[in-house]
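Take a look at the structure set out below.
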Amino acid sequence: MEPASKKIKMAKSPIKCGVCGKSFSQKQGLSRHKRTAHSKEKLECRSCSISFNRRDNYLRHMKRHEFQQIGGGSTEANTDKENESEPCNFKALNGTVETHIFEAKGLNKFDPMTFLKSQYDDVKEIIKFKIKERGGIKWYLSMKVKMSRRKGDDVETAEPHFRGRCQTSLKLEDIDAGLKESIKKMYTSFIEYQRQGSNWTVDKVMNLTIHMARYRPLKGSSYIPLPIKLRSKHAIVNVKNKDSKCFMWSILAAIYPAKRDAESEFGNTRNTLQA
């Protein structure tokens, strides 16, 4: 009886680092070694000035800090020129809808919260300018992040968007509260995405976008004559007025029905309504 054939596994030759000659059995080990041992770029915590060679260690460290003062003067976001972002502007519908995109640069792009805090003042200035220009706007923020995870020998990537709540700003005092709420919502969504997904890590923050639209609250308008077809039915009372108090005149017309000329006989009843 012939012996069963045995499969012989060929041992893989080790992969050597071209700089220091250290050997590794897998490519990802060599890649990590190059980043940690030979990379000149270091990640520094803005709160305690600790430096990291590995991005995962840097992100793990940053999560330990409590970001309680979002956008406040005590935050120490990186303000070097290499980290400053110039927004790209896009307009549509004759300027009614507008977006501003801040591309992530420098070391800030490796941590979502650090990047959001670094853009706080610039975003606030844009919103402030638009409120002064238009009188009122609706707006929301969205952050795009590139993430990856390893599945066997393959690397899976994703570019999810994390969106803040839609805000309505009619005056300058509304901006700070809306910004803090939006940043908190985006960061919470980012954390939940990491918890629900398996082994997702941040490659980089790609951009932050402000979406804005002109906002005009509904209000009473001045007198508008009825169309001929409706007027001929004599079934609708349309009070003639020269102000913007159409609702008040409609109430008075219902309380004090006119015996004749129902469209204009309510001037004497104006002061009967309580404020």
query: Can you pull out the trypsin sites (Lys or Arg not before Pro) in region 125-209 that DSSP calls coil and that have at most 14 other Cβ atoms within 10 Å?
result: Arg165, Lys171
statement: If the label point sits 7 Å along Cα→Cβ of Lys138, residues of region 168-198 with amide N under 15 Å come out as 168-170
- request: For each pair in Lys109/Lys151; Lys109/Lys144; Lys105/Lys128; Lys138/Lys185; Lys138/Lys180, compute the distance between the two Cα atoms and list the pairs where it is over 20 Å.
  value: Lys109/Lys151; Lys105/Lys128
FRET E, pair Val97, Lys185, Förster distance 22 Å, beta-carbon r, rounded to 0.05: 0.55
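Just so you know, all these numbers are worked out from the coordinates, no wet-lab data involved. None of these values were measured; they are calculated from a predicted model. Here the Cβ is made from the backbone with ideal geometry for all residues, glycine too, and neighbour counts use every protein chain on show.
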